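Report on the structure given below.
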Amino acid sequence: MISSALRYAGLGLAVLPVSGKRPLVPWAEWREVGAPVEQVRAWWDRWPWAGVALVTGRASGLDVVDVEFDHLDAIEPEWRRGDPPESETRRGGRHLFFEHDDESCTGPLVVGGTKIGDVRAAGGIVVVPPSIGYAWLVPLRLRDLPLPPPVT
(Lines give C-alpha, C1' and ligand atoms only; values in the text may rest on other atoms or scores of the structure.)
Protein backbone atom coordinates (compact mmCIF):
# COMPACT_ATOMS: atom_id res chain seq x y z
CA MET A 1 0.00 0.00 0.00
CA ILE A 2 2.80 2.42 0.81
CA SER A 3 4.09 2.42 -2.77
CA SER A 4 0.63 3.30 -4.08
CA ALA A 5 0.12 5.96 -1.40
CA LEU A 6 3.48 7.52 -2.27
CA ARG A 7 2.72 7.34 -6.00
CA TYR A 8 -0.62 9.13 -5.51
CA ALA A 9 1.03 11.74 -3.27
CA GLY A 10 3.80 12.20 -5.84
CA LEU A 11 1.12 13.03 -8.40
CA GLY A 12 -0.04 15.85 -6.15
CA LEU A 13 -3.08 14.04 -4.76
CA ALA A 14 -4.08 14.40 -1.11
CA VAL A 15 -3.68 10.92 0.41
CA LEU A 16 -5.02 9.54 3.70
CA PRO A 17 -4.62 6.17 5.41
CA VAL A 18 -7.94 4.41 6.06
CA SER A 19 -9.27 1.37 7.84
CA GLY A 20 -12.15 0.30 5.63
CA LYS A 21 -13.66 3.71 4.84
CA ARG A 22 -12.65 5.37 8.12
CA PRO A 23 -9.68 7.77 8.09
CA LEU A 24 -6.98 6.83 10.61
CA VAL A 25 -5.96 10.47 11.10
CA PRO A 26 -7.83 13.72 11.66
CA TRP A 27 -7.92 15.07 8.16
CA ALA A 28 -9.45 18.55 8.36
CA GLU A 29 -6.05 20.14 7.75
CA TRP A 30 -5.63 18.18 4.51
CA ARG A 31 -8.92 19.32 2.92
CA GLU A 32 -7.28 22.13 0.94
CA VAL A 33 -3.71 20.86 0.52
CA GLY A 34 -2.44 17.30 0.71
CA ALA A 35 0.07 16.05 3.24
CA PRO A 36 3.73 16.16 2.27
CA VAL A 37 5.31 12.91 1.10
CA GLU A 38 7.23 12.61 4.40
CA GLN A 39 3.94 12.60 6.31
CA VAL A 40 2.45 10.01 3.97
CA ARG A 41 5.50 7.80 4.50
CA ALA A 42 5.18 8.20 8.29
CA TRP A 43 1.50 7.20 8.21
CA TRP A 44 2.18 3.97 6.31
CA ASP A 45 5.21 3.22 8.47
CA ARG A 46 2.77 3.32 11.40
CA TRP A 47 -0.10 1.50 9.62
CA PRO A 48 1.43 -0.60 6.79
CA TRP A 49 -1.89 -2.45 6.37
CA ALA A 50 -3.90 0.77 5.83
CA GLY A 51 -5.96 1.29 2.72
CA VAL A 52 -5.53 4.40 0.58
CA ALA A 53 -8.06 7.23 0.30
CA LEU A 54 -7.94 10.51 -1.58
CA VAL A 55 -9.36 13.80 -0.35
CA THR A 56 -11.68 15.16 -3.03
CA GLY A 57 -12.11 18.77 -4.09
CA ARG A 58 -9.27 21.26 -4.30
CA ALA A 59 -6.79 19.13 -2.35
CA SER A 60 -6.59 16.57 -5.17
CA GLY A 61 -8.38 18.39 -7.98
CA LEU A 62 -10.95 15.59 -8.19
CA ASP A 63 -14.70 15.21 -7.84
CA VAL A 64 -16.06 11.69 -7.57
CA VAL A 65 -19.49 10.28 -8.36
CA ASP A 66 -20.09 7.24 -6.13
CA VAL A 67 -22.85 4.98 -7.47
CA GLU A 68 -24.18 2.09 -5.39
CA PHE A 69 -24.26 -1.43 -6.89
CA ASP A 70 -28.07 -1.59 -6.80
CA HIS A 71 -28.26 1.48 -9.04
CA LEU A 72 -25.58 0.89 -11.68
CA ASP A 73 -28.27 0.91 -14.36
CA ALA A 74 -29.02 4.54 -13.40
CA ILE A 75 -25.55 5.78 -14.44
CA GLU A 76 -26.34 8.44 -17.01
CA PRO A 77 -24.48 8.03 -20.35
CA GLU A 78 -23.15 11.59 -20.13
CA TRP A 79 -21.34 10.65 -16.92
CA ARG A 80 -19.13 8.36 -18.97
CA ARG A 81 -18.57 10.94 -21.70
CA GLY A 82 -14.86 11.70 -21.87
CA ASP A 83 -14.07 8.22 -20.50
CA PRO A 84 -13.59 9.25 -16.86
CA PRO A 85 -11.39 7.06 -14.67
CA GLU A 86 -13.58 4.48 -12.97
CA SER A 87 -13.03 2.09 -10.10
CA GLU A 88 -15.11 -0.75 -8.73
CA THR A 89 -15.85 -0.53 -5.02
CA ARG A 90 -15.68 -3.46 -2.64
CA ARG A 91 -19.48 -3.75 -2.70
CA GLY A 92 -19.61 -3.73 -6.51
CA GLY A 93 -20.51 -0.06 -6.95
CA ARG A 94 -18.58 2.45 -9.04
CA HIS A 95 -16.51 5.57 -8.46
CA LEU A 96 -16.31 7.88 -11.48
CA PHE A 97 -13.53 10.50 -11.29
CA PHE A 98 -13.83 14.01 -12.71
CA GLU A 99 -11.89 17.27 -12.69
CA HIS A 100 -12.83 19.28 -9.61
CA ASP A 101 -15.39 21.98 -10.26
CA ASP A 102 -15.79 24.67 -7.60
CA GLU A 103 -19.53 24.57 -8.31
CA SER A 104 -19.78 20.90 -7.29
CA CYS A 105 -21.30 20.04 -3.94
CA THR A 106 -20.78 17.03 -1.74
CA GLY A 107 -24.05 15.27 -1.02
CA PRO A 108 -26.57 12.68 -2.12
CA LEU A 109 -26.84 11.79 -5.79
CA VAL A 110 -30.51 11.63 -6.73
CA VAL A 111 -31.73 10.49 -10.14
CA GLY A 112 -35.44 10.32 -10.91
CA GLY A 113 -36.29 10.89 -7.25
CA THR A 114 -34.15 7.95 -6.06
CA LYS A 115 -30.87 8.27 -4.17
CA ILE A 116 -28.43 6.18 -6.18
CA GLY A 117 -25.21 7.25 -4.47
CA ASP A 118 -23.20 10.32 -3.52
CA VAL A 119 -21.16 13.11 -5.03
CA ARG A 120 -17.81 13.60 -3.32
CA ALA A 121 -16.53 17.08 -4.09
CA ALA A 122 -14.96 19.61 -1.71
CA GLY A 123 -14.04 18.00 1.59
CA GLY A 124 -15.02 14.42 0.84
CA ILE A 125 -12.84 11.33 0.73
CA VAL A 126 -12.88 8.30 -1.53
CA VAL A 127 -11.12 4.96 -1.07
CA VAL A 128 -9.03 3.99 -4.10
CA PRO A 129 -7.21 0.92 -5.44
CA PRO A 130 -5.22 -1.02 -4.42
CA SER A 131 -7.18 -0.88 -1.16
CA ILE A 132 -8.80 -4.25 -0.46
CA GLY A 133 -11.83 -4.77 -2.68
CA TYR A 134 -11.18 -1.80 -5.00
CA ALA A 135 -9.97 -2.10 -8.61
CA TRP A 136 -9.45 0.29 -11.52
CA LEU A 137 -11.80 -0.42 -14.44
CA VAL A 138 -10.64 2.68 -16.33
CA PRO A 139 -7.20 3.69 -14.97
CA LEU A 140 -6.76 6.94 -13.09
CA ARG A 141 -5.26 9.75 -15.12
CA LEU A 142 -4.94 13.39 -14.20
CA ARG A 143 -4.77 14.87 -17.70
CA ASP A 144 -7.85 15.65 -19.71
CA LEU A 145 -10.29 14.64 -17.00
CA PRO A 146 -13.85 15.47 -17.95
CA LEU A 147 -15.78 17.95 -15.84
CA PRO A 148 -18.49 16.40 -13.68
CA PRO A 149 -21.92 16.21 -15.27
CA PRO A 150 -24.62 18.49 -13.93
CA VAL A 151 -26.50 16.77 -11.12
CA THR A 152 -30.08 17.86 -10.51
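The values are calculated or read from the model by the stated rules, or taken from the named source; none is laboratory data. These numbers come from a predicted model, not from an experiment. Because the Cβ atoms are built from the backbone with ideal geometry, glycine has one as well, and the counts that use them run over all protein chains shown. What goes into the accessible areas is simple: the full protein's heavy atoms, side chains included, and nothing from ligands, DNA or RNA. Shrake-Rupley method; radii C 1.70, N 1.55, O 1.52, S 1.80 Å.
Equivalent-ellipsoid semi-axes (√(5λ), Cα gyration tensor) for the stretch 1-70, whole Å, largest first?
Working from the Cα gyration tensor, I get semi-axes of 19, 15, 11 Å.
Given the options 127, 25, 138, which has the most mean-square fluctuation in a GNM of the chain, springs set between C-alpha atoms less than 10 angstrom apart?
25
What percent does the relative contact order of the stretch 61-128 come to when contacts are Cα pairs within less than 8 Å and at least six residues apart?
41
State in Å² the accessible area per residue of the chain; use a 1.4 Å probe, count heavy atoms of protein chains only, and round to the nearest integer.
Accessible area per residue: 51 Å².
Relative to the longest principal axis of the chain, what angle (0 to 90°, nearest 10) does the C-alpha long axis of helix 37-46 take?
The helix 37-46 is inclined about 80 degrees to the chain.
As an exercise, identify the chymotrypsin sites (Phe, Trp or Tyr not before Pro) in the stretch 20-120 lying in DSSP coil whose Cβ has no more than 13 other Cβ atoms within 10 Å.
49
Could you tally the net charge around residue 68, taking each other residue with its Cβ under 15 Å from the Cβ of residue 68, Lys/Arg +1 and Asp/Glu -1?
My count for the surroundings of residue 68 gives -1.
I need to check one value: relative contact order of the chain, counting alpha carbon pairs closer than 8 Å and at least 6 residues apart, in percent.
On the way: 333 pairs, mean separation 39.0, N = 152.
Averaging sequence separation for qualifying contacts and normalising by length gives 26 percent for the chain.
What is the sum of charges, Lys and Arg at +1 and Asp and Glu at -1, for the other residues whose Cβ falls under 13 Å from the Cβ of residue 57?
So the environment of residue 57 carries a net charge of -3.
Taking only Cα atoms and a 10 Å spring cutoff, compute GNM fluctuations for the chain and point out the largest among 28, 14, 50.
28
Tell me, what % of the accessible area of the chain is carbon and sulfur with a 1.4 angstrom probe?
52
Loop only by DSSP, 13 or fewer other Cβ within 10 Å of the Cβ. Give me the trypsin sites (Lys or Arg not before Pro) in the stretch 1-73 that pass, ordered by residue number.
Of the trypsin sites (Lys or Arg not before Pro), the ones in loops of the stretch 1-73 whose Cβ has at most 13 other Cβ atoms within 10 Å are 21.
In whole Å, how far is the Cα centre of the stretch 82-134 from that of the stretch 1-41?
Taking the Cα centre of each part, the stretch 82-134 and the stretch 1-41 sit 18 Å apart.
Would you mind working out the magnitude of the charge dipole of the chain relative to its Cα centre, with +1 at each Lys and Arg C-beta and -1 at each Asp and Glu C-beta, to the nearest 20 Debye?
Using only the charged Cβ atoms, the result is roughly 560 debye.
If you bin every alpha carbon distance in the chain into 5 Å steps from zero, what whole percent lands in each bin?
2, 10, 20, 24, 21, 13, 6, 2, 1, 0
State log₁₀ I(q)/I(0) for the stretch 74-152 at q = 0.15, 0.22 Å⁻¹ as given by the Debye formula over alpha-carbon point scatterers of equal weight, solvent excluded.
The computed values of log10 I(q)/I(0) come out as -0.52, -1.19.
For the stretch 21-90, what relative contact order do you get, as a whole percent, if you take Cα pairs closer than 8 Å and at least 6 residues apart?
Answer for the stretch 21-90 is 29 percent.
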